[in-house]
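The values are calculated or read from the model by the stated rules, or taken from the named source; none is laboratory data. Given the structure is predicted, the values throughout are model-derived calculations rather than measurements. In this analysis, Cβ positions are derived from the backbone assuming ideal geometry, glycine residues included, and neighbour counts consider all displayed protein chains.
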Amino acid sequence: MTSKLGRTFAATGAAALWPAADAAWANQYNLQPPQTIIAHQIYDLHTLIMWIIFGIFVVVFGFMTVAIVKHRKSAGHEAQQFHENTTVEIAWTIIPFVILIGMAYPATKTILAFKDTSNPDITIKATGYQWKWGYDYLNEGVSFYSNLSTPRDQIDGHNVAARNANPNYLLEVDNAVVVPLGKKIRVITTANDVIHAWWVPAFGVKQDAIPGFVRDTWFRADKVGTYRGQCAELCGKDHGFMPIVVEVVTEEKYAAWIAEQKKKTAAVAVDPAKQWTADELKAQGEKVYASNCVACHQATGMGIPNTFPALSGSKIATGPKEAHMDIVLNGKPGTAMAPFKHLSDVDIAAVITYERNSWANKTGDMVAPADVKAARK
Amino acid sequence: MEAAHAHDQGHGHGDHDHAHHPTGLMRWVTTTNHKDIGTLYLWFSFTMFIVGGILALMLRAELFQPGLQLWEPHFFNQLTTMHGLIMVFGAIMPAFVGFANWQIPLMIGAPDMAFARMNNWSFWLLPPAATLLVTSFFVPGGATAAGWTIYAPLSIQMGPGMDLAIFALHIMGASSIMGSINIVTTILNMRAPGMTLMKMPLFVWTWLITAYLLIAVMPVLAGAITMVLTDRHFGTSFFNAAGGGDPVMFQHIFWFFGHPEVYIMILPAFGIVSQIVPAFARKPLFGYSSMVYAVSSIAILSFIVWAHHMFTVGMGASSLLFFMYATMLIAVPTGVKVFNWIATMWKGSMTFETPMLFALGFIFVFSMGGFTGLVLAVMPIDIQLQDTYYVVAHFHYVLVAGSLFAIFGGVYYWIPKWTGHMYNETLGQWHFWLSMIFFNVAFFPMHFSGLAGMPRRIPDYALQFTDFNMISTVGAFGFGLSQLVFLTCVIKCIRGGAKAPAHTWEGAEGLEWTVPSPAPYHTFETPPLVK
């Protein structure tokens, strides 16, 4: 109890305002309850420093308050004309220095532990996309994308009641990262387009995901549960809409989940020899469009005027197929159009076919997976 | 006779002895007088402060409750970006240059700035730059939405609004460099006989050091944004890994400029506060030489701490440790300054007119920003707080409650000298208390939402952040409206009010108080002798 109160006190700097703190309320004004050793150390370090700061605050502003109250002209105080004291000057240079060393010592230990990503049990690659996360379990061969799953009508205010009843508003995804309890998980981050940051507060993990470079961090979760975070680096329009959800489960459940994921992957794996019809591609393309393109180009294909171009009636989506494949595969440098070459040949062929035959576009042609394969450099 | 020299900002002036000067608008366009140019800078800064403030209120309105109500996310990002750019480059920096123009010649006994024509040019570069910046909202794709830090590669993706912002920053940078060269030259060469460096008022000292910082880092910013420009249009790959570049290099270059930049915005504030506190404590500044050394140490340290803005990019442990230690070290000279101000008040004979209220408010609230700075300096804690509302709270405590409050204090302190009238003390006190209270209502809750995990620069947030965001929005609107009290007070003071004596404040010292109020159009044509 003492320590809980202490944390409350330290976090607010004005504990009197919040005499009692229940857990839900505590989640609103202090660091989230730590679930890893690093997050614990960070939490305790923060509490310690808040106490030190509180002490300094009381001493320094105690003097200032006394001066304001007593050494005022209206109280009849006459000014003394001293303006130097070498002893005092040396003291208030050295004392803060010593306090700083006291703070730097535990911080240094935490930094060294934080940077030690060696000997992981499981390695997961997290790739930032505008605006979703992609995950690859490097040794297990499991890969998936993780999109925000909060319904659009809650965000744009058409369904406020559902929003208010949704405790995970903006913090829920279709496919969560699943990890086993008590294992050292190394997260490798990178990005496809701009810089993102992979952040789960309960784990004390925040690592920028940088396009073209690989960085890493690690965590080992203490407790089964679902932990939520968000992208922490401004990455464009939907920066606020690409959350991170990590489910920590027992080792048995994790093994079952991996097996299930592998089965799923096998089920959707497409026979490379399969011959696709235009209608099949279009149906598949609509799904691909909904999870990759719709954020900018919109469901209507009209884009957002002056910001994201319309596909409906566009020169590229109604012109030669080669140019259309080129922009989807390689993006358009200097704009928000990122390369999508990480998608499969089938998905790219499907989405292009869909775009060429939807809205006002009626080219009537189709792009086959083999064409995409040929167009890749 | 002095009345004939009266310089009335509100109505122009036709009475001074150089009657061949143009009047009306052309007077302001062609002026080479440091007082006129100072006035221009201050009004320019206030205009941009209002523009940037409106942008801030627009984004706070969106954040009043969860969900997207007013703006779509791309426009929201334009608001946060332009609010930052306009406040930093349009409001805070020009305000301090305005003070430098008005006060440095008066405080060192010089007749004007060293390069009077360049002074005119430095100012008149700013309105076109500001126009580029503000009108970029109306080009296709809107203004840049990459954050005021314009990190590559996000800034590479932006529309033509980004190019306008780059040109605007180049022009403002050129203006700052010219202004700084002028200030350095004036201070080093034009001090009155007998005024040695260590007898200079502290405001002059802080500006001398600030000017050197500006000359050192503005070209670095120019380099960074030029590289963004060529990456955008001329096929270079400075920040593109596929072409052999590195996106993180942009951050290193930007923050090598950016960290000294934050001290550029706070050191002159230290100077203003160091003038006000002794005046109203009726006691000389405690530890003058240690103040000078503290400002110099802060300036030097500012060049070796930049990567603390980038603790989460994934640097090695040794870099993290170096930048953490160096950053924590800044607390020492900053602490010395606060202790010296309090020692100046100690056993003084204090009164609490508006300038002193703002100076005391500055010390109190700036220290809170200093404390949170210390929290953020500790790298492991910064992992949790980087890019959250905690950082937003921190830098608004040092930039609004720090720089801006010092600017307000400086205006109230020197406006009797500028206009010849006393300001309305009641309005001034209202302005202070409203600003102080609403500032804290707006920004204190951000510490909590940041700790609890709310990222910055998001247009919509999870429900647990609702309460604090509502409070912040209410505070922000209150703070914005309080500034109308300031505007009223300043305009009333220009138009009339009690006649200000030459030596306006009982405890004030310095050459500026030896000339009449309002300060004649030309002062110190014969240098005064400083004993």
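Here's the yes/no breakdown for (1) of a type in the set (Ser, Thr, Tyr); (2) closer than 23 Å to A:Gly204 by Cα:
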{"residue": "B:Leu374", "(1), (2)": "no, yes"}
{"residue": "B:Ala377", "(1), (2)": "no, yes"}
{"residue": "B:Tyr390", "(1), (2)": "yes, yes"}
{"residue": "B:Val400", "(1), (2)": "no, no"}
{"residue": "B:Trp418", "(1), (2)": "no, no"}
{"residue": "B:Tyr423", "(1), (2)": "yes, no"}
{"residue": "B:Leu427", "(1), (2)": "no, no"}
{"residue": "B:Ile458", "(1), (2)": "no, yes"}
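In the range A:291-304, of all residues being within 14 Å of another protein chain (Cβ to nearest Cβ) and surrounded by 19 or more Cβ atoms within 10 Å (Cβ to Cβ), the one that is nearest to B:Thr144 (Cα to Cα) corresponds to A:Cys296.
Condition first: within 30 Å of the chain's Cα centre (by Cα), under 25 Å from B:Ser290 (Cβ atoms) and not in a helix (DSSP H, G or I). Can you find one or more residues in the range B:210-224 that meet it? The answer is no, given that none of the residues of the range B:210-224 is within 30 Å of the chain's Cα centre (by Cα), under 25 Å from B:Ser290 (Cβ atoms) and not in a helix (DSSP H, G or I). Residue-level analysis places B:Ala401 outside the set of residues that are aliphatic (A, V, I, L, M) and modelled with pLDDT of 95 or more. Of the numbered criteria (1) of a type outside the set (Gly, Ala, Ser); (2) part of a helix (DSSP H, G or I); (3) facing chain B (nearest Cβ under 9 Å), the one A:Phe82 fails is (2). The residues in the range A:93-129 that are outside any helix (DSSP H, G or I) and within 9 Å of chain B (Cβ to nearest Cβ) can be counted, and the count is 2. Picking from residues in the range A:305-331 that are touching a His at 6+ places or on another chain (Cβ under 7 Å) and modelled with pLDDT under 85, the one that is surrounded by the most Cβ atoms within 10 Å (Cβ to Cβ) is A:Phe308. Looking only at the range B:424-463, residues that are of a type in the set (Ser, Thr, Tyr) and either outside any helix (DSSP H, G or I) or at the interface with chain A (Cβ under 7 Å from one of its Cβ atoms) (or both) come to 1 in all. A search for C-beta distances below 9 Å between a residue of the range A:232-247 that is within 7 Å of chain B (Cβ to nearest Cβ) and any residue that is in a helix (DSSP H, G or I) and of a type in the set (S, T, N, Q), counting only pairs 6+ apart in sequence or on different chains, returns A:Leu234/B:Asn77; A:Leu234/B:Thr80; A:Leu234/B:Thr81; A:Gly236/B:Asn77; A:Gly236/B:Gln157; A:Lys237/B:Asn77; A:His239/B:Asn77.
Scanning the range A:311-335 for residues that are small (Gly, Ala, Ser) and farther than 27 Å from A:Ala370 by Cα returns a single hit, A:Gly334. Only a single criterion out of (1) surrounded by fewer than 21 Cβ atoms within 10 Å (Cβ to Cβ); (2) at pLDDT below 95 is not satisfied by B:Ala462, namely (1). Restricting to the range A:190-216, name every residue that is more than 7 Å from chain B (Cβ to nearest Cβ) and buried (at least 24 other Cβ atoms within 10 Å of the Cβ). Listed by number, the residues that qualify are A:Ala191, A:His196, A:Trp198, A:Trp199, A:Val200, A:Ala202, A:Phe203, A:Val205, A:Ala209.
Inclusion of A:Tyr43 among residues that are farther than 30 Å from A:Thr335 by Cβ, more than 7 Å from chain B (Cβ to nearest Cβ), of a type outside the set (A, V, I, L, M, F, W, C) and crowded, with 16+ Cβ neighbours inside 10 Å is warranted.
Yes/no per residue for (1) part of a helix (DSSP H, G or I); (2) buried (at least 20 other Cβ atoms within 10 Å of the Cβ); (3) facing chain A (nearest Cβ under 7 Å):
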{"position": "B:Val295", "(1), (2), (3)": "yes, yes, no"}
{"position": "B:Phe303", "(1), (2), (3)": "yes, no, no"}
{"position": "B:Ala307", "(1), (2), (3)": "yes, yes, no"}
{"position": "B:Thr312", "(1), (2), (3)": "no, yes, yes"}
{"position": "B:Leu321", "(1), (2), (3)": "yes, no, yes"}
{"position": "B:Ala326", "(1), (2), (3)": "yes, no, no"}
{"position": "B:Val332", "(1), (2), (3)": "yes, yes, yes"}
{"position": "B:Gly335", "(1), (2), (3)": "yes, yes, yes"}
{"position": "B:Phe339", "(1), (2), (3)": "yes, yes, yes"}
